[in-house]
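Below: the structure, in structure tokens.
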Protein chains: 2
Amino acid sequence: MSQLYHVREFAELAGVTVRALHHYDRLGLLKPSRTEAGYRLYYLRDLERLEQIVALKFLGIPLKQIRMMFHRGANGISESLRMQRRVLEEKRRLLDSAIGAIEEAEKATPSGNRPDSAILRKIIEVIEMQDNMDWSKKYYSEEAQAKIEERKKLWSPENQERWTKEWTDLFRDVEAALGEDPAGAKAQGLAARWKKLGEGFTGGDPQIIAGLRKMYQDRPNWPAHMQHRMQPFNNKNVWEFIQKAFAADKAAD
Amino acid sequence: MSQLYHVREFAELAGVTVRALHHYDRLGLLKPSRTEAGYRLYYLRDLERLEQIVALKFLGIPLKQIRMMFHRGANGISESLRMQRRVLEEKRRLLDSAIGAIEEAEKATPSGNRPDSAILRKIIEVIEMQDNMDWSKKYYSEEAQAKIEERKKLWSPENQERWTKEWTDLFRDVEAALGEDPAGAKAQGLAARWKKLGEGFTGGDPQIIAGLRKMYQDRPNWPAHMQHRMQPFNNKNVWEFIQKAFAADKAAD
DNA sequence: GCTTGACTCTGACGTTACGTCAGGGTTGAG
DNA sequence: CTCAACCCTGACGTAACGTCAGAGTCAAGC
């Protein structure tokens, strides 16, 4: 009973390394008694403590915090666990995105040995898409966010790609038509395309449209890399031209 | 065109910190040109490289490896990605276990402020159960493993707890009955309980039983902490007694 | 008593991807 | 010339140990 263990034995008993025990000792997490020569001596009751440490560590809780939990005594453990769960769930979200990005890239470049740059571009695309979603969140109301979550499911990277291309094309076409009459047939055709594409994302939902408008007006505060990515769409004349075309359409009613 | 950027600008353009750019520079991941005074100068084409770095980093690939990927040129990126996906999936498995353990603990200790030691015990239980599953895998054939995966779904921590308790109780009862006649009514009753409990885990499947037997016979090679946890079941006399009782049962047929 | 092998101790450096000073040049405006 | 705003490098810190390295300890065999 009340047997004594040397580090090696105790470490094996608990399934950890000797060095880890040294570490916990120095951090004050588990301080064994010592022989006269300075050898560490562990009792069986130390095992319980060690198991708790290992368990909390498994949950991703840093050692310093574990020490605090022990130190502050009983209260607060369940509080720490609630917090830790949120942390872990956030980590899982990121992991899922990363795995998803790789999957998309593999899907998009079948066994064929596409040039690696294509794979990378695909990944960047997927990540940026997720990133945009995340960043632009703050412009939408809670309700609008929920609606976007819904629509997101339809937003495969392929769609995203096609959609980007269509906007780019349309913008270029409008740019080329800047000299025309905003009420003319050509301008009206472009305006129709514009409207249709816009509805592809907003679904015509007024809350989403409102968010988009808010986002657009906040342009000066966008992070630099967003401004950079939006640069192709930065031609003020194009926006004004389309405004006029819409106005002309309305006036024609 | 071909605009030049100072670190700060370039960092904001890409959404990273200046210090990160210093870091990538020193690691040889992205080496900008310099002014005479030693200031870093980035070109727009550096942005592409940087975006690739950020993307691969997002996938959890260490910087050194990213450098190697660039260095070894085109081939091998998709290979790296396949590997990385496996790494990430393994991480997700661990994350899920951790989250699961916390959930179980929260479920088992409802809002009531149970002593924290109870919460910790619960977590340790859940983790050890997963750990056991993992460790004991090697004793089972592929088929048996698949079958166990199936049965695992029924194995809530509550069941696990009850099961452990019943085995402990049964073992204690047998120990108390060691003096009796193995063919007697009392011994036969115990043998029946034994058999029933055993089937609770094996489901009577011969492959699982075989794995269990293999595991039991390999006892000397179990890790120390498993031996420690199995210590309450280490009374050889009990096993022999039960063997005799089974034999007597068969002989009575 | 001495050697030997198996253990144990502590201290120091390495790992990862930067963050955070600290001390010291550079540049452009007034 | 000065001042603010940038830029540079180097050094230390972070988390949880792993990996030596140099040195002491213990029990056994000769």
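The values are calculated or read from the model by the stated rules, or taken from the named source; none is laboratory data. It should be emphasised that the depicted structure is a prediction, and the values quoted were computed from it without experimental measurement. Every residue, glycine as well, gets a Cβ built from its backbone with ideal geometry; the counts of neighbours run over all protein chains shown.
Out of A:M230, A:M215, report the one residue that is among the hydrophobic types (A, V, I, L, M, F, W, C) and either surrounded by 13 or more Cβ atoms within 10 Å (Cβ to Cβ) or touching a residue at least 24 places away in the same chain (Cβ under 8 Å) (or both). Before the answer, list the steps.
Details: A:M230 fails: either surrounded by 13 or more Cβ atoms within 10 Å (Cβ to Cβ) or touching a residue at least 24 places away in the same chain (Cβ under 8 Å) (or both).
Result: A:M215 is the single residue among A:M230, A:M215 that is among the hydrophobic types (A, V, I, L, M, F, W, C) and either surrounded by 13 or more Cβ atoms within 10 Å (Cβ to Cβ) or touching a residue at least 24 places away in the same chain (Cβ under 8 Å) (or both).
Could you run through the stretch A:28-40 and say how many residues are within 8 Å of DNA strand C (Cβ to nearest atom), part of a loop (DSSP other than H, G, I, E, B) and surrounded by 13 or more Cβ atoms within 10 Å (Cβ to Cβ)?
As a first pass, look at the stretch A:28-40 and keep what is within 8 Å of DNA strand C (Cβ to nearest atom): A:32, A:34, A:37-40.
Then keep just the ones that are part of a loop (DSSP other than H, G, I, E, B); that gives A:32, A:37-39.
If we keep only those that are surrounded by 13 or more Cβ atoms within 10 Å (Cβ to Cβ) too, we end up with A:32.
Of the residues in the stretch A:28-40, 1 are within 8 Å of DNA strand C (Cβ to nearest atom), part of a loop (DSSP other than H, G, I, E, B) and surrounded by 13 or more Cβ atoms within 10 Å (Cβ to Cβ).
Kindly evaluate A:R213 against the criterion of being among the charged types (D, E, K, R) and within 22 Å of the chain's Cα centre (by Cα).
On the way: among the charged types (D, E, K, R): yes; within 22 Å of the chain's Cα centre (by Cα): no.
Spelling it out, it is not the case that A:R213 is among the charged types (D, E, K, R) and within 22 Å of the chain's Cα centre (by Cα).
Hey, which of the helices (runs of 4 or more DSSP H) in the stretch B:188-253, taking only ones fully inside, have at least 2 residues that are more than 14 Å from every other protein chain (Cβ to nearest Cβ) and among the small types (G, A, S)? Talk me through it step by step, then tell me what you get.
Details: elements: B:206-217, B:224-229, B:236-252.
In the stretch B:188-253, the matching helices (runs of 4 or more DSSP H) lie at B:206-217, B:236-252.
In the stretch B:15-41, how many are under 43 Å from the mean Cα position of the chain (by Cα) and over 23 Å from A:W222 (Cα atoms)? Give the steps one after another, and end with the answer.
Step one: filter the stretch B:15-41 for residues under 43 Å from the mean Cα position of the chain (by Cα), giving B:15-31.
Keeping just the survivors that are over 23 Å from A:W222 (Cα atoms) gives B:22-31.
Total meeting the criteria: 10.
Would you pick out the residues in the stretch A:219-253 that are closer than 21 Å to A:D181 by Cα and among the small types (G, A, S)?
A:A245, A:A247, A:A248, A:A251, A:A252
When the stretch B:1-27 is examined, which residues are found to be crowded, with 17+ Cβ neighbours inside 10 Å, within 8 Å of DNA strand C (Cβ to nearest atom) and within 13 Å of chain A (Cβ to nearest Cβ)?
Result: B:V16, single match.
With respect to A:I102, determine if the residue is in contact with a Leu (Cβ under 9 Å, 6 or more places away or on another chain) and within 9 Å of chain B (Cβ to nearest Cβ). Steps first, answer last, please.
Details: in contact with a Leu (Cβ under 9 Å, 6 or more places away or on another chain): yes; within 9 Å of chain B (Cβ to nearest Cβ): yes.
Yes.
The rows are residues; the columns are (1) surrounded by fewer than 11 Cβ atoms within 10 Å (Cβ to Cβ); (2) under 20 Å from B:M129 (Cα atoms).
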| position | (1), (2) |
| --- | --- |
| B:R151 | no, yes |
| B:E158 | no, yes |
| B:R162 | no, yes |
| B:L170 | no, no |
| B:D173 | no, no |
| B:A185 | yes, no |
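Can you tell me which residue in the stretch A:73-95 is surrounded by the most Cβ atoms within 10 Å (Cβ to Cβ), limited to those that are within 12 Å of the chain's Cα centre (by Cα) and more than 7 Å from chain B (Cβ to nearest Cβ)?
The selected residue is A:L94.
Can B:S33 be described as away from chain A (no Cβ under 13 Å), touching a strand residue (DSSP E or B) at 6+ places or on another chain (Cβ under 9 Å) and more than 16 Å from DNA strand D (Cβ to nearest atom)?
Details: away from chain A (no Cβ under 13 Å): yes; touching a strand residue (DSSP E or B) at 6+ places or on another chain (Cβ under 9 Å): yes; more than 16 Å from DNA strand D (Cβ to nearest atom): no.
For B:S33, the condition - away from chain A (no Cβ under 13 Å), touching a strand residue (DSSP E or B) at 6+ places or on another chain (Cβ under 9 Å) and more than 16 Å from DNA strand D (Cβ to nearest atom) - is not met.
Of these, A:E166, A:E125, which one is surrounded by fewer than 17 Cβ atoms within 10 Å (Cβ to Cβ) and not basic (K, R)? Spell out how you get there, then give the answer.
Working: A:E125 fails: surrounded by fewer than 17 Cβ atoms within 10 Å (Cβ to Cβ).
Going through A:E166, A:E125 in turn, just one is surrounded by fewer than 17 Cβ atoms within 10 Å (Cβ to Cβ) and not basic (K, R): A:E166.
Hand me the list of helices (runs of 4 or more DSSP H) wholly inside the stretch A:41-149 holding 2 or more residues that are modelled with pLDDT under 90. Give the derivation first.
On the way: elements: A:44-58, A:63-71, A:77-108, A:116-136.
Correct list: A:77-108, A:116-136.
Exactly one condition in (1) part of a helix (DSSP H, G or I); (2) free of Cβ contacts under 8 Å to residues at least 40 places away in the same chain; (3) under 39 Å from the mean Cα position of the chain (by Cα) is not met by B:E12; state its number.
Failing condition for B:E12: (3).
Here is a check on your reading of the model: is B:L63 within 16 Å of DNA strand C (Cβ to nearest atom), within 10 Å of another protein chain (Cβ to nearest Cβ) and either more than 30 Å from A:A14 (Cβ to Cβ) or hydrophobic (A, V, I, L, M, F, W, C) (or both)? Before you say what the answer is, go through the steps one by one.
Details: within 16 Å of DNA strand C (Cβ to nearest atom): yes; within 10 Å of another protein chain (Cβ to nearest Cβ): no; either more than 30 Å from A:A14 (Cβ to Cβ) or hydrophobic (A, V, I, L, M, F, W, C) (or both): yes.
Here the answer is no, as B:L63 does not meet what is asked.
Within the stretch A:15-26, is there a residue that is in contact with a His (Cβ under 8 Å, 6 or more places away or on another chain) and within 12 Å of DNA strand D (Cβ to nearest atom)?
First, the residues of the stretch A:15-26 that are in contact with a His (Cβ under 8 Å, 6 or more places away or on another chain): A:15.
In the following step, the residues that additionally are within 12 Å of DNA strand D (Cβ to nearest atom) were identified as A:15.
Checking the stretch A:15-26: at least one residue is in contact with a His (Cβ under 8 Å, 6 or more places away or on another chain) and within 12 Å of DNA strand D (Cβ to nearest atom).
Please state which one of B:A101, B:A55 is more than 14 Å from DNA strand D (Cβ to nearest atom) and under 24 Å from the mean Cα position of the chain (by Cα). I'd like the intermediate steps shown before the answer.
Values: B:A55 fails: under 24 Å from the mean Cα position of the chain (by Cα).
Unique residue meeting the criteria: B:A101.
Those residues that are in contact (Cβ under 8 Å) with a residue 24 or more places away in the chain and over 21 Å from A:I119 (Cβ atoms), I need them from the stretch B:33-66; list them, please.
Of everything in the stretch B:33-66, those that are in contact (Cβ under 8 Å) with a residue 24 or more places away in the chain and over 21 Å from A:I119 (Cβ atoms) turn out to be B:Y39, B:R40, B:L41, B:Y42, B:Y43, B:L44.
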